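See below for the structure under consideration.
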Amino acid sequence: MTSAYQHWQLERDAQGIAWASLDKAGESTNTLSQAVMDEFAQLLEALDAQPPTGLVIRSGKSAGFIAGADIGEFSALDTTDKAIALVRRGWDLFNRLAAVHYPTLALVRGHCVGGGLELALACRYLLVVDEAETRLGLPEVMLGIFPGWGGMLRLPPRVGPQAALDLMLTGKTIGAKQARRIGLADDCVPARVMDAAARLLLVSNAPRRQPSLLQRLLGGPLKGLVAAGAKKRLASRARPEHYPAPYAIVEMWARHQGNALAAPQLVERIVRSNTVRNLLRVYHLRERLRGFGKSDGVLRVRRVHVVGAGVMGGDIAAWCALRGLTVTLQDQDLARIVPALKRAYADYGKRLRDKIELRDAIDRLIPDPEGHGAAQADLIVEAIYENLEAKQALLAKLEAVMKADAVLATNTSSLQLEDLRGALVNPARLVGIHFFNPVSRMPLVEVVSGAGGDAKMAGRAAVFVKQIDHLPLPVRSAPGFLVNAVLAPYMLEAMRAVDQGLAPETVDAAMVAFGMPMGPIELADLVGLDVALAAGRGLSAQAEPPRCLIERVDSGRLGKKTGRGFYVYAGGKPAKEKAGAVPAGLAERLINPLLERTQQLVDAGVVADADLADAGVIFGTGFAPFTGGPLNYLRERSSK
């Protein structure tokens with residue numbers, strides 16, 4: 001029997017098993033809109049009337065299982081009553097699914113996040129398909145909200161409260177094998193046998209794996225201890241006035257069994273905060289950046305050649321190979337390449353538990369001291385030291401051997417494309433692809449175009465950036481582009497405060513309290529004080545460099561890379577004294593130069609508009625996401 005809805009397709013096989021496939025009409029991705037949820041309620045009513053042997057819920061799309069709630073509908077919530085009504089809709093529906101008398105199974109292939117995972121958790125069994133695209137998680141906290149459709153109720157008993165809180169409070173996702181390992185999924189199978197495996201598991205009547213006795217105690221009599229520990233860890237990462245949602249999640253789980261309907265005061269606190277609106281803004285900014293990388297028929301990159309095996313070049317090469325590209329890495333000799341290979345292999349070993357995947361990633365990263373890979377590459381990245389003449393000479397050599405349709409890119413952080421391309425036969429082909437350190441953790445990549453540049457090459461560069469799971473930001477060639485140009489006056493102002501007698505710890509504490517992930521003094525140490533001095537001189541030529549910066553550079557104390565800068569580093573971490581009392585207005589004083597410079601760059605057309613500037617500074621510097629970005633923060637501050 002086949003019964004069709006607008007968004008769902010319901011079929012029964014010869015064994016009496018019902019297969020419910022979600023294929024949201026008119027959309028490339030499944031989301032749980034009100035229409036989808038209403039139809040699912042109708043589907044359950046139909047099955048109540050004629051109970052099946054079992055029910056399998058799966059996706060009818062190739063692009064994942066379910067991506068969660070409909071963001072457009074959620075964005076329209078402007079009152080507590082509307083938010084509670086939305087929570088009730090999913091809570092009641094998924095409780096109804098969990099209570100049916102026949103066995104149920106969620107067959108998860110591709111992304112299964114937010115409300116999608118909450119639906120899967122309401123099933124008796126959860127079967128995942130072993131593919132790289134399969135990712136599971138409850139990332140609601142990243143939008144300033146909470147998993148209110150049963151995730152806080154059902155995830156802790158499956159995986160234990162500590163693992164559940166880790167997923168819910170960080171918003172991270174996990175792969176198929178890890179989902180099985182922690183007990184979130186009952187099994188993990190290849191795609192070729194997924195339907196047969198679903199059928200067998202569904203009718204097996206097998207009991208679900210239970211957490212250990214310790215985990216059951218932590219979710220029961222010792223729940224208060226777990227909640228207290230979670231709040232303590234949260235306090236070191238996020239202030240409740242900036243990010244109320246993670247604190248609400250702990251409270252709802254610990255005191256209300258994960259039922260948000262029992263804690264309307266917590267729902268109201270979240271809805272009334274600016275954080276939700278601004279984090280939704282950040283979500284839409286991310287999607288806009290991702291849009292620049294849409295292929296639309298553009299030839300995708302398969303082979304990359306990187307010249308320069310230093311920290312930046314080596315890490316670019318390693319990341320590209322990890323993301324499935326074949327990469328050749330060139331430097332003057334093999335000895336200069338080996339440290340980059342060692343770093344890459346160590347990182348791969350932490351990320352890839354499957355031995356075949358690990359072997360394949362290692363095989364894709366090829367040392368190439370002679371530079372033979374340049375002739376076969378679809379994209380070449382020049383990542384040598386910041387010297388105009390050396391870069392010009394190298395780029396000319398690469399142009400002479402590379403394919404006619406290949407992308408020629410520079411990772412320069414301070415030189416302008418108009419100067420670099422002077423020695424090229426076809427200067428318009430050169431684009432900037434500016435990564436940030438560390439490459440694996442900083443999602444933004446500035447795609448730089450010079451005057452008279454080839455728009456097609458810039459477009460291919462943006463597609464490449466998205467292809468390796470980063471966010472492309474188009475910027476115009478100018479000193480420091482966007483991110484470095486706004487960071488320079490911010491860090492210089494922080495060091496001037498040190499010149500005036502404030503301890504580095506106090507300066508950093510002011511900005512961490514503001515919402516930055518790291519203080520400007522520690523950031524300068526991370527960047528390298530010699531680099532900060534050179535950038536400051538290049539971007540603020542008329543300003544006298546801070547004395548504290550010059551003294552440290554002259555004495556060879558260059559920051560984390562030398563083990564000593566403003567702080568002393570042991571085991572890669574700074575040793576800090578206790579911060580003193582933060583003077584009133586210090587955070588605003590330090591942030592104002594960044595805000596002013598961001599607006600100047602928008603006015604100058606270095607970045608197309610204020611929204612893109614906010615996106616670039618958030619994803620390129622970690623600027624406090626709860627503010628919605630520097631220019632959004634400036635507007636909100638001005639309106640008060």
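The table that follows gives values for the structure above.
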item	result
Qualifying positions in region 409-453 - in contact with a Lys or Arg (Cβ under 6 Å, 6 or more places away or on another chain) and crowded, with 24+ Cβ neighbours inside 10 Å	L430
Hits in region 403-418 - residues which are without any contact (Cβ under 8 Å) to a residue 40 or more places away in the chain and not small (G, A, S)	K403, T410, T412, L415
Every residue from region 178-202 that is more than 27 Å from D70 (Cα to Cα) and touching a Ser or Thr at 6+ places or on another chain (Cβ under 9 Å)	C188, L202
Any chance V203 is within 26 Å of A20 (Cβ to Cβ) and either among the small types (G, A, S) or surrounded by fewer than 18 Cβ atoms within 10 Å (Cβ to Cβ) (or both)	yes
Cβ pairs under 6 Å, 6+ apart, first in region 614-627 and over 9 Å from M442 (Cβ atoms) and charged (D, E, K, R), second assigned to a helix (DSSP H, G or I) and at pLDDT 95 or above	D614/L631; D614/N632
Enumerated strands (runs of 3 or more DSSP E) restricted to region 356-419, each holding at least 1 residues that are among the basic types (K, R)	none
For Q162: the one exception among (1) in contact with a Leu (Cβ under 9 Å, 6 or more places away or on another chain); (2) surrounded by 24 or more Cβ atoms within 10 Å (Cβ to Cβ)	(2)
Options L184, L167: the member that is part of a loop (DSSP other than H, G, I, E, B), out of contact with any Pro (no Cβ under 8 Å at 6 or more places or on another chain) and at pLDDT 95 or above	L184
Any hit, region 444-453, residues being more than 14 Å from L299 (Cβ to Cβ), at pLDDT 95 or above and not aliphatic (A, V, I, L, M)	yes
Residues satisfying the stated conditions in region 1-57, i.e. assigned to a loop (DSSP other than H, G, I, E, B) and of a type in the set (A, V, I, L, M)	M1, A14, A25
Verdict on G501 being out of contact with any Ser or Thr (no Cβ under 6 Å at 6 or more places or on another chain), without any contact (Cβ under 8 Å) to a residue 24 or more places away in the chain and assigned to a loop (DSSP other than H, G, I, E, B)	yes
Selected residue (criterion: modelled with the lowest pLDDT) from residues of region 215-262 that are over 30 Å from the mean Cα position of the chain (by Cα) and among the basic types (K, R)	R216
Within region 288-327, tally of residues that are of a type in the set (G, A, S) and part of a helix (DSSP H, G or I)	6
Subset of region 114-141 (residues that are surrounded by fewer than 21 Cβ atoms within 10 Å (Cβ to Cβ), in contact with a helix residue (DSSP H, G or I) (Cβ under 7 Å, 6 or more places away or on another chain) and over 19 Å from R199 (Cβ atoms))	E131
Subset of region 287-311 [crowded, with 22+ Cβ neighbours inside 10 Å, within 24 Å of V531 (Cα to Cα) and under 25 Å from the mean Cα position of the chain (by Cα)]	V306
Criterion: under 17 Å from F65 (Cα atoms), out of contact with any Cys (no Cβ under 8 Å at 6 or more places or on another chain) and in the same structural domain as E73 (by TED's automatic domain parsing) - qualifying residue of L153, L169, L119	L119
Failed item, numbered, when S212 is tested on (1) among the hydroxyl-bearing types (S, T, Y); (2) over 26 Å from the mean Cα position of the chain (by Cα); (3) crowded, with 20+ Cβ neighbours inside 10 Å	(3)
Selected residue [more than 18 Å from L549 (Cα to Cα) and either free of Cβ contacts under 8 Å to residues at least 60 places away in the same chain or outside the structural domain of R547 (by TED's automatic domain parsing) (or both)] from M457, M518, M511, M495	M457
Residue in region 125-155 that is farthest from R96 (Cα to Cα), counting only those that are charged (D, E, K, R) and in a helix (DSSP H, G or I)	E140
Enumeration of residues in region 309-367 that are of a type in the set (D, E) and farther than 20 Å from F435 by Cβ	D333, D354, E357, D360, D363
Test: V267 is under 23 Å from R460 (Cβ atoms), buried (at least 22 other Cβ atoms within 10 Å of the Cβ), in contact with a helix residue (DSSP H, G or I) (Cβ under 8 Å, 6 or more places away or on another chain) and β-branched (V, I, T)	no
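The values are calculated or read from the model by the stated rules, or taken from the named source; none is laboratory data. Source: prediction; values computed, not measured. Virtual Cβ from ideal backbone geometry, glycine too; neighbours counted across all protein chains shown.
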